[in-house]
Structure formats: structure tokens, C-alpha cells
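Notes follow the structure.
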Amino acid sequence: MFRRRGNNFGNDDEPMPSYPMHQSNKTKNNGMSKPSLFAYRYTTKGVVIFRAIVAVVILLCILWGCLIIKIARDISNDGGGNRLPRGLIVRPKIERHRFGNKLRQRIKRLELRLEGKSPMLDVNQMESPVLVFTFKRADYFERAMWKLYENHPAQKYVQQKSNLQERHDIGRTIGAPIIISQDGDDPEVKAVIEAYREAFEINLGIPLYRIEHYRPPEDKQEEVQIDSWDIDPKPYQDLARHYGWALEQTFSGAAYDLDTQHDRHISKPPLPQRVVILEEDIEIATDFFSLMNATADILDSDDTLLAVSGYNDNGKTQHVADSKRLVRSDFFPGLGWMMPRRVWDGVESHPNTALKNNWAPNGFWDDWIREPNIRLGRQVLRPEVSRTFHFGNIHGVSQNDVKHDLNQILLDRVGVQWEKEDLSYLKPEWFAESYWGRVSNAKLVSTEADAKFYIAHSDVRLVYNSLSHFETLAFNFDIMADEKAGIVRTGYEGIVEVRYGKGEFILFLTPPYVSEGSPPSTFGKKAWTNVDKTTLLQSFGLSIPSEEDWQMNW
């Protein structure tokens, strides 16, 4: 295209470049000889990048705007505009994607700046951790963790104290810190752990540590040789190895060095004096930690005790009634229990009795603890009404062999302030004397029919003459029939009790030695003695089982 320039620009026939249609009138009319640099580079790479940056900035602004709206909604009620009360306990959301989890953490930190956060618990109060074992059942584990979070003693201080900074007067806190021992690295379980780490550390000021027990591939796992059983021993062996490793990491304090990824600054807790032990399929009652706290000093000072448990193996709904009653038992139940340091490390007077010295070499760690040379006559405190409920009926180690019984155990819903209860009756001498008096004075009957009739009006005593006889009675009264090393489940000196029909009175199943006279000199006084099964059964006046019966039981 040719245009003529004005007279001031020389040759009238000089060709001129054509300008883009969007060129400004000013450019056209002022007679410039060259086009704008911007016009030439309008579609260049630099302009594309610039526009992309602008778009990203706009997108980020929109995203942050959405986050601010989300935070505002979390802080307010559903349309009410008022802040949620501090006492409201919200179940943590499980974010199973790493990006989503990181995003939630950033949101939570921003929320904390607006709301304020609970102060961390005084490190000197964290000498009684709760150790939770988990493997790969993330759904069960989340349910257990929710009840642990909901019923943790720190909740009441967050809800009730107007000045949350004043937490130095709380004293000992049973269940702090939280230690999660994961067998392997299942990602769904790890997602649950991270969600509850945020909940405990930010909302309650309780540190949560994750430790990972190495689980070798199936084809590389070492097989432990044991006697022939009718169940697969391998899951029990794996669990026993995990238990022993995690307990040592906890009591030694090494667990606090294995995990340093926290949402807040965490001071290293002192060495534990006692440890509360839970599993991924155990639900705790509202007063579980209150029970552990109230019995901690008893457990520490009474070396005739092995542990405190929150579980009653015969705690079915129709067999229990008194939510405030605790008893001593020779049978170790596990399933939500507390062990003192002296049991794990041993005591000076009995240096070879430390559980850590040769932990469950053949697997079956709970049965190993029940062996006479391990238990050594020491007893367990347990409630009449269970404070724990075992709900894991799928893919569990026990392979559902007691599913029917576990599902019927009553979990206490009353809630007791155990710290206000007088528990002096649990001293070994006082309990033995009181218990013998009640059992020996119970009405002696000779048949099951009579027992079921008279139990409505008084305590009743029914004698069993052998372990096989006890098994028959247990079946007829719908209670646990098994025994270990001569100790029947839940038994105290061979005596098993149930409130048949959930009444006021108790049915006692007793060995022949129980009478209306004075108790034997060793009644309730067998601590630190290694009594084998045959000797124990003879002292109870029971017939010795045949070799066939012996193999059938254990």
C-alpha cells in the first residue's frame, strides 16, 4: 500500500508500511514514520506469559477469598453470626490426600490467629502417656481415636476454665502425651493420625507422637516356632513383636525422639511412670481416664498389683449392675489397661521379673503374662461394669473366636468421678477379708435351678469340683468358661462372680475349699509366688484334669 506523505517528509512516492487496524488515530494522523513497538510485539511470548501471571494472581485471590469465607463460617454458627462455644467437641475430618491435609493445616493456623489456641499442657504433667496400637484398619482406628479424643481429660479444662492459660494447677494428666504405634505404614491410618495430631495438639494442647514399627514383607518375616495350635499363630506373633517394641520405645522415652513433626512447639516429656495401653478397636467410656487416674497411686505403691484394667470379661448386660464397684482379680484381662514402670523394668527386690527382659518369645503376649512364672501371683484391678468395649470383629488377630461374647459386654454409660470415691477397700488385706466374708456367708445351693431361684433374694454360692464342671456351669450361666494355668477367667482365688439377672445380689461359683469358716492363710496373699497349675488346683480342692482335658484347655 502506498500513501503520500506530507511535504515535510521528503519524497512523495516513498512506500509506507500498513498499520494494524487497531492503531490509534493519533499514530496515524501525526505522521510518524515507524509503527509502535507494542504493536509489533503484541502476540509475542512475553505478553502470553504476562497474561498467564495475571490469571494466576486472580485465581489465587479467588481461592483465598473462598478460604476466608470458609473460616468465617467455621467461627460462626449456622447463620447465627455468633462464635461456636468452646465446649463444643467437633469430630476431626480425615483428609486422605496430602495436598488437602496441608491446606487444612494452613487454614487451621489462620483460624488460630483469629480465635486463639489452647495452651500446651505443662510438660511436668505428662508422665502417664496413652499408647495406642494400630495396624491397617483405618475405620476402626478412627472410631477408637474419636472416643479417645472426646473423652480425654483435657477436654474438661478446655470447656470449663475461663482462663485457659492457668493449667499449671491441673496436676497429673493420665493420657498425656498420646503415642500412636503403627505397625507398617498404611496411608489411610497415617491420614487418621495426622487429623488427630492436629486436634490434640491445637485444640487440647496435648502432644501426639507417631512411631512406626517396621513390618517386613510377608515373604521375609521370621517364623517363630511354637507348639501346634488349631489357630494361625502368626498374627499373634506379629502383634507380640509390635507390643514389645512399642512398650520399650515408650518407657525408655525413645518415642519422643522418633517423631518431631508437630503442629506446635513441643517440649520433650519426662520418662513415663506408667502407660495406658489401648488398641485400634477399643472404645473407652467417659470415665475411663478418671478410673485410671484414681487407681494410679494404688498401682504405683502396691507391688502385689500387675495392672489396672477397664475390662470385665464377664461384663455382659445381664451380669453386672454396680458402676462404682472395683474388684481384684488373678486373671489378666487386658483390653484397655495401665501398667506401671516397675512391672516393665522390674523392681530391686525381684530384678529378674521385668517384662522387658524376655517379652513374649512365642507370641500370644497376653497369655504369656498369665503364665505363673510371669504373673507371680500378682493381681489386677478391674471394674464390675466395663469401661472399655472391644468392637473389632473383622480382620482381627483373634479371628472372631469370641465375637459373640465381646459384642454383649456392657460399656458403662453412667460416668463416675473416681477421684471422689473411697478406694481404700482395694488394699490387698482389706479386700481379701471383706470378699471372703461376703462369699462364705452367701447361701450355699447344690443345683443351678436353686441358684437361679435364690439369687433374687440373697447372695448365692454354687460349688464346682473340677475345671470341666466349671466349664459346664459357665456355659449354663452364659459366662466365659476358659482358664489359664488354673486361673479361671475373672477369677479371684478360684472364685467367679456374676449378678445373674442383673439384680442386687451376686452368684459366686466357688471351688470346694470355700466354707463358712476362716479363709486359708494364703487367701489373697499369693503375690511373688510361682505356683504351678497342679499345685494351685490342689490348693483349691479341685480334681486334677486328665492329660486329654489338659491339652484341650491349653
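The values are calculated or read from the model by the stated rules, or taken from the named source; none is laboratory data. Keep in mind that what you see is a predicted model, and the values were worked out from it rather than measured. Note that we place each Cβ from the backbone using ideal geometry, even for glycine, and neighbour counts take in every protein chain shown. Heavy atoms of the whole protein, side chains included, go into the accessibility calculation; ligands, DNA and RNA do not. Shrake-Rupley method; radii C 1.70, N 1.55, O 1.52, S 1.80 Å.
General observations
- Distance violations [Cα-Cα > 20 Å] among K136/K190; K484/K533; K427/K452; K156/K427; K356/K427: K427/K452; K156/K427; K356/K427
- The length gained on full extension between V56 and D405, counted as 0.36 nm times the residue separation minus their Cα-Cα distance, comes to 119.6 nm.
- Rough spin-label spacing in nm, given labels placed 7 Å along Cα→Cβ, for K443 and S543: 2.9 nm
- Sites T535 and K356 - FRET efficiency at Förster radius 35 Å, r taken between beta-carbons, to 0.05: 0.80
- Label-zone membership for the range 501-525, site T317, 7 angstrom Cα→C-beta point, backbone N under 16 Å: 501-503
- Computed extension gain for S468 through R325, at 0.36 nm per residue and net of the alpha carbon distance, reaches 48.5 nm.
- Accessible area of the range 309-367 belonging to carbon and sulfur atoms, whole % at 1.4 Å probe: 44 percent
- Ordering of 295-301, 420-426, 453-459 by packing [mean C-beta count within 10 Å, highest first]: 295-301, 453-459, 420-426
- Using the Cβ-Cβ distance between L423 and H265 with R0 = 30 Å, the FRET efficiency computed as 1/(1 + (r/R0)^6) comes to roughly 0.20.
- Backbone N under 16 Å from the E188 label point (7 Å along Cα→Cβ), restricted to the range 120-156: 134-145
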